[in-house]
1. List every residue pair whose Cβ atoms sit under 8 Å apart, with the two residues 6 or more apart in sequence or on different chains, where the first one lies in segment 136-161 and is among the aliphatic types (A, V, I, L, M) and the second, anywhere, is surrounded by 11 or more Cβ atoms within 10 Å (Cβ to Cβ) and in a loop (DSSP other than H, G, I, E, B).
2. Can you name every residue in segment 209-262 that is among the acidic types (Asp, Glu) and either surrounded by 15 or more Cβ atoms within 10 Å (Cβ to Cβ) or modelled with pLDDT of 80 or more (or both)?
3. Scan segment 263-281 for residues that are in contact with a helix residue (DSSP H, G or I) (Cβ under 8 Å, 6 or more places away or on another chain), of a type in the set (A, V, I, L, M) and crowded, with 16+ Cβ neighbours inside 10 Å and report the count.
4. Select, from 318, 300, 235, 308, the only residue that is within 21 Å of residue 349 (Cα to Cα), free of Cβ contacts under 8 Å to residues at least 12 places away in the same chain and not polar (S, T, N, Q).
5. Find the residue count for segment 248-263, including only residues that are in a loop (DSSP other than H, G, I, E, B) and either within 21 Å of the chain's Cα centre (by Cα) or closer than 16 Å to residue 312 by Cα (or both).
6. I'd like to know if segment 81-92 contains one or more residues that are under 21 Å from residue 55 (Cα atoms) and surrounded by 23 or more Cβ atoms within 10 Å (Cβ to Cβ).
7. Answer yes or no: is there a residue in segment 107-122 that is surrounded by 17 or more Cβ atoms within 10 Å (Cβ to Cβ), free of Cβ contacts under 8 Å to residues at least 60 places away in the same chain and either in contact with a helix residue (DSSP H, G or I) (Cβ under 9 Å, 6 or more places away or on another chain) or in a loop (DSSP other than H, G, I, E, B) (or both).
8. If we only count strands (runs of 3 or more DSSP E) wholly inside segment 1-105, which ones have 1 or more residues that are modelled with pLDDT under 90 and over 21 Å from residue 125 (Cα atoms)?
Amino acid sequence: MGTTATVFCVGTADTKLEELRFLSESVRSFLTTISNSSSSRVEVVIVDVSAGQKETKSLSDFKFVTRNELLLCYSESVGENPIVLPDDRGKAVGVMSKALQHFIKKAQADGVVAGAIGPGGTGGTSLLSTPFRSLPLGVPKLIVSTIASGQTEPYVKTSDLVLLPSIVDICGINNVSRVVLSNAGAAFAGMVIGRLERFQESCNEDYVVGGVMPCDSSRFYVIIEKKIPFVLSVGPLDMVTFGPKHAVPTNFQKRKIHIHNAQISALRTTVDENKKFAGFIADKLNKSATKICVCLPQKGVSALDAPGKPFHDPEATGTLLNELQTLIQINEDRQLEVCPYHINDPEFANALVDSFMEICSKNPTKRS
């Protein structure tokens, strides 16, 4: 992938430092083993969410986020003075859970989180579960928990959070906990690398340029094979989508890039690429044997492709539209209409609907 992702190993260092270290080492070891045959690189970061008053120790062989760092970050976000943990443990757990959730959401927005794992008893599971659930669906999230075999709905809710039974109390490393935590590390590492590899594969699936939105040679195949009448357009072929700007391939970095948000960057397509897009589309549509209509918006194919907008390039967009008009073989069933509108104009939406209604009127559904 060219970048290093991060997984968080989260726990209470004041009560479970030994277990936290063992689990972190297991995750790191399995990640290293699995990723030796992969281009994915993952860093394990320990996050301390201790809710007690006892001072905690950090681990020198891991990047370590202290609870004070969590609380300071959380305090700044809510505009308060530095938060001090209350003496009441239940209230302290609630404060640390909110601080962790803020930390994870911020890290996720920065595009660095590849997963989160942690050990927990009843209190630890309660502390970790809500912040872990804030991670998007598909991002690995696992808690080795003493309550995994009980009533888990309050912790999991409608999420893909995995609770792994600890079998024994999480209190030191013994013959049982060693196996359980090691297996948890292996399972979690597999989830993380598997997801990163799938993401990397999807980055290679954009058929012409190499963005992250999946497209391959099978695009349009099913609807054409099934002979389903359809209306289509071309937006937004002015752009190719990538992840964060730093993830855009080096050979594209000098091209015109629009930062949509921290997670998404868009690359303006060139005249040559638009010729290729048109060739791909026309080749598919010329094989159709049903009623279709291609509607082309003359004044732009996306919100960014308009006068005064970052991707306004009449030459590139004009090449796309002209090539399609040249290459698509028009006949009674295969029609093409150039509309004097922008793709986001209401009039263009009306034109699409009108074309669809016309196709439907010429292709009445057969009734038995």
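The values are calculated or read from the model by the stated rules, or taken from the named source; none is laboratory data. No experiment lies behind these values; they were computed from the predicted model shown. Don't worry about glycine lacking a Cβ; one is built from the backbone with ideal geometry, like all the others, and counts go over all protein chains shown.
1. If the second residue must be surrounded by 11 or more Cβ atoms within 10 Å (Cβ to Cβ) and in a loop (DSSP other than H, G, I, E, B), the pairs left are 137/159; 137/160; 142/161; 143/161; 144/166; 144/170; 147/121; 148/166.
2. Matches in segment 209-262: 225, 238.
3. 3
4. Criteria check complete, one pass: 318.
5. Count: 8.
6. no
7. yes
8. Where strands (runs of 3 or more DSSP E) fall fully within segment 1-105 and carry at least 1 residues being modelled with pLDDT under 90 and over 21 Å from residue 125 (Cα atoms), they are 4-11, 41-48.
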